[in-house]
1. Can you list the strands (runs of 3 or more DSSP E) lying wholly within segment 35-146 that have 2 or more residues being within 16 Å of ligand 1 (Cβ to nearest atom) and over 17 Å from the mean Cα position of the chain (by Cα)?
2. Return yes or no: is Trp199 modelled with pLDDT of 95 or more, in a loop (DSSP other than H, G, I, E, B), aromatic (Phe, Trp, Tyr) and surrounded by fewer than 19 Cβ atoms within 10 Å (Cβ to Cβ)?
3. Filter segment 208-230 down to residues that are in contact with a Pro (Cβ under 6 Å, 6 or more places away or on another chain) and of a type outside the set (Val, Ile, Thr), then give me how many there are.
4. Go through segment 162-185 and give me each residue that's under 22 Å from His254 (Cβ atoms) and open to solvent by 60 Å² or more (accessible area, probe 1.4 Å).
5. Any residue in segment 231-238 that is over 25 Å from Tyr120 (Cα atoms), open to solvent by 50 Å² or more (accessible area, probe 1.4 Å), in contact (Cβ under 8 Å) with a residue 12 or more places away in the chain and outside any helix (DSSP H, G or I)?
6. Kindly provide the set of residues from segment 9-55 that are surrounded by 20 or more Cβ atoms within 10 Å (Cβ to Cβ), in contact with a helix residue (DSSP H, G or I) (Cβ under 8 Å, 6 or more places away or on another chain) and in contact (Cβ under 8 Å) with a residue 60 or more places away in the chain, ordered by number.
7. Out of the residues in segment 117-161 that are open to solvent by less than 10 Å² (accessible area, probe 1.4 Å) and β-branched (Val, Ile, Thr), state the one that is farthest from ligand 2 (Cβ to nearest atom).
8. Going through segment 169-224 one residue at a time, which ones are away from ligand 2 (no atom under 16 Å from the Cβ) and hydroxyl-bearing (Ser, Thr, Tyr)?
Amino acid sequence: MKIHHIPCRGDKYAYLIIDESSKEAAAVDPVEPEKLLQAVNENGVDLKLVLTTHHHWDHAGGNAKMKLLVPGIKVYGGSIDNVEGCTDKLENGDKLTLGADVNILSLHTPCHTKGHISYYVTSKEEDPAVFTGDTLFVAGCGRFFEGTAEQMYQSLCVTLGSLPKPTRVYCGHEYTVENLQFALAVEPGNARTAQKLLWAQHQQKENLPTIPSTIEEELETNPFMRVDLPELQTSVGCHSPVETMQEIRRRKDHWRG
Ligand code: GBP
Ligand code: ZN
């Protein structure tokens, strides 16, 4: 399996996932269809699927055009998310394949939107990958537009937090520097966060991406994935993981670097 990131307008990432033996490919959130199709042509692959993480225009807004440009393409999205151009609705646990080697598992990760889907992708002999849209960002999470702290706790700390630690994390936006600055304000003593912030600032200066992260790195540095830690709960004046999730999100919503 090969994964290409495709920078789109602003800070957005689309992705192209390729099964090398069959040359079949899937596009994640192709908001700028032409850019995605350029990568498809450069790699000489056959684009079979669109995987939509959620209904916001900056993720699903290229789907209708994609269907015009690639007749017969299947467009997937969460069953309760009202995704533009969706041809095939997904439930939690649904499975898709690319060629013979790449398996894709639909994980319902609600809160940013009600029907948000993350895509867990595995193939033989390499670490898995997960495409987390606007649920999990590097060192952060999406705003709670359509859900509760309880749901984000379930999505981040249970569903995504249970994936194998080496799983590579590919998110929907490049918010890493801002997120790590906030993370360090929440956990000033977290040396790994401090170290990763310096690295992310270097990447930003060189115009390089900060994806992929890994589930292991997120468990070490992402405050929203660390709300089970009693020290973190106490330091923000809370007494439970869900209360801590709510409080950290509230602080981030009002935070000015
Ligand atoms: C920034 O630019 O640095 N902190 C951001 C502000 C995802 S995009 C922009 C922002 O709020 N981004 C959203 C988010 O969840 N950020 C996490 C955070 O700030 O910690 N979007 O484009 C957003 O989902 C959107 C589109 C929202 C349609 C609602 C509708 Br309807
Ligand atoms: Zn969004």
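1. Values: elements: 46-51, 74-78, 88-90, 95-98, 102-108, 117-122, 129-133.
Hits in segment 35-146: none.
2. Details: modelled with pLDDT of 95 or more: yes; in a loop (DSSP other than H, G, I, E, B): no; aromatic (Phe, Trp, Tyr): yes; surrounded by fewer than 19 Cβ atoms within 10 Å (Cβ to Cβ): yes.
So Trp199 does not fit the description; no.
3. Looking only at that region, the number is 1.
4. Those that are under 22 Å from His254 (Cβ atoms) and open to solvent by 60 Å² or more (accessible area, probe 1.4 Å): Tyr175, Glu178, Gln181, Ala185.
5. no
6. Ala25, Asp29, Thr52, Thr53, His54
7. Ranking the qualifying residues of segment 117-161, first place goes to Val121.
8. Correct list: Thr176, Thr193, Thr210, Ser213, Thr214, Thr221.
The values are calculated or read from the model by the stated rules, or taken from the named source; none is laboratory data. What you see is a predicted model, and the numbers here were worked out from it, not measured in a lab. Please note: Cβ atoms are built from the backbone with ideal geometry, for glycine as well, and neighbour counts cover all protein chains shown. The protein model used for the area step is the full one, side chains on, heavy atoms only, and it has no ligands, DNA or RNA in it. Shrake-Rupley method; radii C 1.70, N 1.55, O 1.52, S 1.80 Å.
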